[in-house]
1. Within region 173-185, is even one residue at pLDDT below 95, in a loop (DSSP other than H, G, I, E, B), over 13 Å from the mean Cα position of the chain (by Cα) and surrounded by 16 or more Cβ atoms within 10 Å (Cβ to Cβ)?
2. Would you be able to tell me the number of residues in region 35-59 that are within 11 Å of the chain's Cα centre (by Cα) and among the acidic types (Asp, Glu)?
3. Between a residue in region 110-138 that is without any contact (Cβ under 8 Å) to a residue 12 or more places away in the chain and surrounded by 11 or more Cβ atoms within 10 Å (Cβ to Cβ) and any residue that is among the charged types (D, E, K, R) and in a strand (DSSP E or B), which pairs come within a Cβ distance under 6 Å, given they are 6 or more apart or on different chains?
4. Would you please list the contacts, defined by Cβ atoms under 8 Å and residues six or more apart or on different chains, that run from a residue in region 48-71 that is under 24 Å from Leu25 (Cβ atoms) and touching a residue at least 40 places away in the same chain (Cβ under 8 Å) to a residue that is among the hydroxyl-bearing types (Ser, Thr, Tyr) and surrounded by 15 or more Cβ atoms within 10 Å (Cβ to Cβ)?
5. Glu111 is checked against (1) outside any strand (DSSP E or B); (2) among the charged types (D, E, K, R); (3) modelled with pLDDT of 90 or more; (4) more than 22 Å from Pro89 (Cβ to Cβ) and fails just one. What number does that condition carry?
6. If you check Pro102, Pro64, which single one turns out to be surrounded by 16 or more Cβ atoms within 10 Å (Cβ to Cβ) and in contact with a strand residue (DSSP E or B) (Cβ under 6 Å, 6 or more places away or on another chain)?
Amino acid sequence: MSLSSLLITLGKYIAGEFDNREQALAEPAWYVHLRMWQRPVHLFTEDSISLFAEQANIVNLDRPYRQRIMRLMAGNDSDAPLQIQYYMPKDPSALSGAGRNPALLKTLTVEQLDLLPGCILKVNQQELAPKNYKFIAYQSTETRCSFNYQGNNVQVSLGFEATPEEFYSYDKGIDSETGKATWGAILGPYRYTKREQYSVLSAEW
């Protein structure tokens, strides 16, 4: 199955190495200086583009966290032609550091992932100029992204905006009892700038 040009464009926009250096320098009390990797992986290639994502504090690059898989595919909503389904590695520690060392991803299989049913984003786009977009990814109001991690129930609110050069993350941790955000983009998005582009195209696509 061939992938739509819009899906490939979304993949190109969000694949890469990013950091929020400028934001962290301007507002150090509110935003940690982070580096984030979103690397293409050879999974679900029949109808999707998949990315392995993780991030790390700039002063602890050897201790990355939030390992996850983002599966980009066609949506079924006329208002949101694309969607992103999230998966968690069954053994996140086995992939720790794969952002900087992609060789760790070569043996990754679908069987090593857990589907996170409520962790799905709808994606629509605004055309800023011919063939230049801003993609907006958001959770539907009827979905709830929660999962078990290291014996704890975790709830998160997901979302982002992406242009060719920037990635704004609205991800937040949510206290399931109060509904209030406890970490992440509490005061506004983490504003990442792309520092390196990764290729999303494969010979099979």
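The values are calculated or read from the model by the stated rules, or taken from the named source; none is laboratory data. The structure displayed is predicted, hence computed values, not measured ones. Virtual Cβ from ideal backbone geometry, glycine too; neighbours counted across all protein chains shown.
1. Checked region 173-185: at least one residue is at pLDDT below 95, in a loop (DSSP other than H, G, I, E, B), over 13 Å from the mean Cα position of the chain (by Cα) and surrounded by 16 or more Cβ atoms within 10 Å (Cβ to Cβ).
2. Summing the residues that are within 11 Å of the chain's Cα centre (by Cα) and among the acidic types (Asp, Glu) in region 35-59 gives 1.
3. What qualifies is Gln126/Lys134.
4. From region 48-71, the pairs are Glu54/Ser96.
5. (4)
6. Pro64 is the lone residue from the list that is surrounded by 16 or more Cβ atoms within 10 Å (Cβ to Cβ) and in contact with a strand residue (DSSP E or B) (Cβ under 6 Å, 6 or more places away or on another chain).
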